[in-house]
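Worksheet for the structure shown next.
Derivation of every value follows stated rules applied to the coordinates shown; laboratory data play no part. Please read these numbers as outputs of a predicted model, since none were measured by experiment. As a convention, Cβ positions derive from the backbone with ideal geometry for all residues, glycine included, and neighbour counts pool all protein chains shown.
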Amino acid sequence: MRKMEIPLSENLGHGHLACAGCGAAVSMRLTLKALGEKTVMVFPASCWSIVPGFWPYSSFRIPVIHAGFVTGGATASGVRAALDVRGDHESVVTVWAGDGGTFDIGLQALSGAAERNEDFIYICNDNEGYMNTGTQRSSATPLFAWTTTTPVMQPKENPKKDIMAIMADHHIPYAATATIAYPEDLLRKIDKAKRIRGTRFIHLLSPCPPGWRIPSELTIKISRLAVRSRVFPLYEIENGNTYTLQEESHVVPVKEYLKMQGRFSHLSDSEVEVIQKNVERSWERLLKKAEA
Amino acid sequence: MKRVITGNQAVAYGVILSRVDVISAYPITPQTTIVEELSELIANGRLNTRFLKVESEHSAMAALIGAATGGVRCFTATSSHGLAYMHEMLHWASGARLPIVLVNVNRAIGPPWNIWSDQSDSLSQRDTGWIQLYCENNQEVLDTILQAYRVAESVKLPVMVVLDAYVLSHTSEPVEIPTMEEVDAFLPAYCPDYPIDIQEPMAFSVITTPEYFLEFRYKIQKAMEEVPEVAKKVNDEFRSRFGRGYAAIERYGEGEAEVLLVTSGTVTSTSRTVVQKLKGNGTKIGGMKIKRFRPFPFEEIYEEIRGVRKLAVIDRNLSAGVGGIFAQELKASLYSREERPEIFSFISGLGGRDITPNLIEEAIQYTVEHPRPEEEILWLGLKK
């Protein structure tokens, strides 16, 4: 990976309320560096309804709009329309939604906006569950994971929804996965998204120490292992059909990724094996798409 | 220029003349001809407006919340289930103090499916912090939209303009259409106090602790309390410019009435003819039209019911377990008054059944003949 300059600007100020070791706080800091000052951010309900701070304070140095849980795609469409009417075609409208607000309750508004090819960047900050409400399962929660609504006696029965495939099938100009252990890749993708018009989607994996039951100092390491184990491959999709993989040469078995997280500590060897097989199948599918 | 147009076309004219910047809407019977007409006008280049054709009513209102926060003039139209689906966002629009104007074509909410006139949809939204204005004819529909933007942008609250399904929405009437210049002079461009500004970053709708939330709601109530005076001023100016006007409450019929027939929407038109017909037949009958349901016109009503012994309220809506909503609000508003006319609560015309002159006469006759109602709810035209 080529070296790049990371902007010095800091648009996430001190005093935000994220947990210690919050992957999303690092994601946000990096994202804001790449987006720059001319950005309006929309927050459907998520941890980020709280993290920026309580009224009358805000830790953001850009305009931010808190919005209803369901409404990321719709609210951003409206903000974009207003800026356009006012002649501001330059400022970037960005949605920052959780996985619940994207995979589940907000999927309809996102799909509607993507079908209309609304001109904004939609970032799904995926911590694989309803972490702000205390770690309940979402459709982004991985197979067999513990959450407070999928207790270890009956862990998550279904695999994670493939949101990237769903977005690709909307034929939006750009979709990419990213995670904080690869900051240059993350910044490059946000920067690339910024230069494209239409609906752009970034699927950002942000480890959550309390929700994943991991020590707060392991956030980056687990983010890296998610990629190395191919649980969360890094790739881009242009116009719904051109796939580009950012292959990680150092590959590890999924066990390496799973064993560090309390939410998977109840897994039997056979369950780990099922996850390993699933990951390999997904990887093969992705390779095929990339070769096509 | 006078044209013969439907209520829904009158809505479209109101939107064009108000120079709306962003429309966001989803089709629902009987609102559809509004969005069709507006789409046509935009496609013809007659209207320089962004129209977001969203995938649901919830998104329609959410998109306008985004756009209005961005500081532009916004419009949507819906009906029935669509309005119900918007419910969460209706609260959001008023909580965020956004002067959005929404037209609701009154229609019953199912099941059973029913696409005809019934006020239960808009009245179910009475606690969402929206100003609600009910219209009697197509001219009033057009004029009310123009006035709605003035009031909304002055008090920073959203306004719902309501018209009856079919009886207005799809019925043609002669309507005087003001010129663009005349409306421009009445309704200046929208100048928001705090739009999204890249140079001056602000956070909107930020989480607020118990320490301050009460004060945010207090301010909304205070803004509602400003509405009667603001709306009166706006209406006075409108009347001086256009020669027409619409008070929150309108009295008609005999001045010293003993019995007052209370209605809203198009039932008022029918009631006018009934009241006229009964003139000079013994008991003095008057009529009272309620245009503004929110904020409820307490003072105006107190003024108009002096000396009245009985109110015959016809509700084309039902809050099951309580009764007619206008009647309930009137009862609540009069409780603390010394002068409390007897209230007869009639329910009729749900799901679009005609409220005929005969039914209205029946209601009046019952009210005249009984010192007080024999039942809490008096059903008009009920098949037993």
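Could you work out the Rg to Rh ratio of region A:88-223, with Rh taken as the Kirkwood radius (inverse of the mean 1/r over all Cα pairs)? Don't skip to the end; give the middle numbers.
Details: Rg = 15.5 Å, Rh = 15.6 Å.
Dividing the radius of gyration by the Kirkwood radius yields 0.99.
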Seminar exercise, completed: Loop-resident trypsin sites (Lys or Arg not before Pro) in region B:232-305 with no more than 14 other Cβ atoms inside 10 Å, DSSP not H/G/I/E/B, are B:R244, B:K279
Seminar exercise, completed: Ranked from fewest to most other Cβ atoms within 10 Å of their own Cβ, A:C47, B:C191, B:C135 fall in the order B:C191, A:C47, B:C135
Problem set entry | Per-residue mean of C-beta atoms belonging to partner chains within 10 Å, peptide B:69-77 | 4
For this session: Would you mind checking region A:205-248 for residues with the amide N under 19 Å from a putative spin-label position 7 Å along Cα→C-beta of A:E256?
Result: A:207, A:215, A:218-235, A:246-248
Exercise. So what are the three principal axis dimensions of region B:307-349 from its Cα atoms, in whole Å, longest to shortest?
Worked result: 30, 16, 11
For this session: Let me see the pair-distance distribution of region B:102-175: every alpha carbon pair, 5 Å bin width, integer percents in order.
Result: 3, 16, 25, 23, 18, 10, 5, 1, 0
Seminar exercise, completed: In the protein assembly as shown the DSSP beta bridges are antiparallel at a rate, in percent to nearest 5, of 25 percent
Exercise. Looking at region B:251-379 from every direction and averaging, what is the projected area of its Cα convex hull in nm²?
Worked result: 7.4 nm²
Problem set entry | Point-to-point label distance, B:K331-A:Q108, nm (Cα→Cβ direction, 7 Å offset) | 3.6 nm
Exercise. Using the Cα atoms as the points, what is the convex hull volume per residue of region B:105-251 in Å³?
Worked result: 175 Å³
Exercise. Where in chain B lies the longest segment free of GluC sites (Glu not before Pro) that are both loop residues by DSSP (not H, G, I, E, B) and have at most 16 other Cβ atoms within 10 Å?
Worked result: B:1-255
Exercise. How much of the DSSP beta bridge set in region B:2-242 is antiparallel, as a percent to the nearest 5?
Worked result: 15 percent
For this session: Looking at region B:192-310, send over the antiparallel percent of its DSSP beta bridges, to the nearest 5.
Result: 45 percent
For this session: Using the structure shown, list the pairs from B:K222/B:K291; B:K222/B:K284; B:K2/B:K222; B:K331/B:K384; A:K194/B:K53; A:K3/A:K259 with a Cα-Cα distance above 29 Å, or answer none.
Result: B:K222/B:K284; B:K2/B:K222; A:K3/A:K259
Problem set entry | Estimated translational D of region B:54-183 in µm²/s (Stokes, Kirkwood radius over Cα pairs; 10 °C; 1.306 mPa s) | 106 µm²/s
For this session: With a cut-off of at most 10 other beta carbons within 10 Å, and DSSP calling the residue loop, which GluC sites (Glu not before Pro) in region A:93-191 qualify? Please list them.
Result: A:E157
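Give me A:T242, B:T179, A:T150 sorted ascending by neighbouring Cβ count inside 10 Å, so fewest comes first. Don't jump to the answer; show the numbers that get you there.
Working: A:T242 13, B:T179 10, A:T150 20.
In increasing order of surrounding Cβ atoms, one gets B:T179, A:T242, A:T150.
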Exercise. What is the Cα convex hull volume of the protein assembly as shown when expressed per residue in Å³?
Worked result: 176 Å³
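Tell me the Kirkwood radius of region A:118-179: reciprocal of the mean inverse pair distance over distinct alpha-carbon atoms, in Å.
Working: mean 1/r = 0.0763 Å⁻¹.
Kirkwood hydrodynamic radius for region A:118-179: 13.1 Å.
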Exercise. Over all pairs of distinct alpha carbons, what does the Kirkwood formula give as the hydrodynamic radius of region A:23-291, in Å?
Worked result: 18.7 Å
For this session: Quick one: Debye curve from the alpha-carbon atoms of region B:9-96 only, equal weights, vacuum; give me log10 I(q)/I(0) at q = 0.13, 0.25 Å⁻¹ to two decimals.
Result: -0.38, -1.33
Problem set entry | Euclidean distance of C-alpha centroids, region A:118-183 and region A:51-67, integer Å | 24 Å
Seminar exercise, completed: Over chain B, the quotient of the Cα radius of gyration and 2.2 N^0.38 Å is 0.98
Exercise. Considering only DSSP states other than H, G, I, E and B, which trypsin sites (Lys or Arg not before Pro) in region B:1-108 qualify as loop sites with at most 12 other Cβ atoms within 10 Å?
Worked result: B:R46
For this session: Give, to the nearest whole percent, the P(r) tail of region A:200-289 beyond 14 angstrom, counting all Cα pairs.
Result: 68 percent
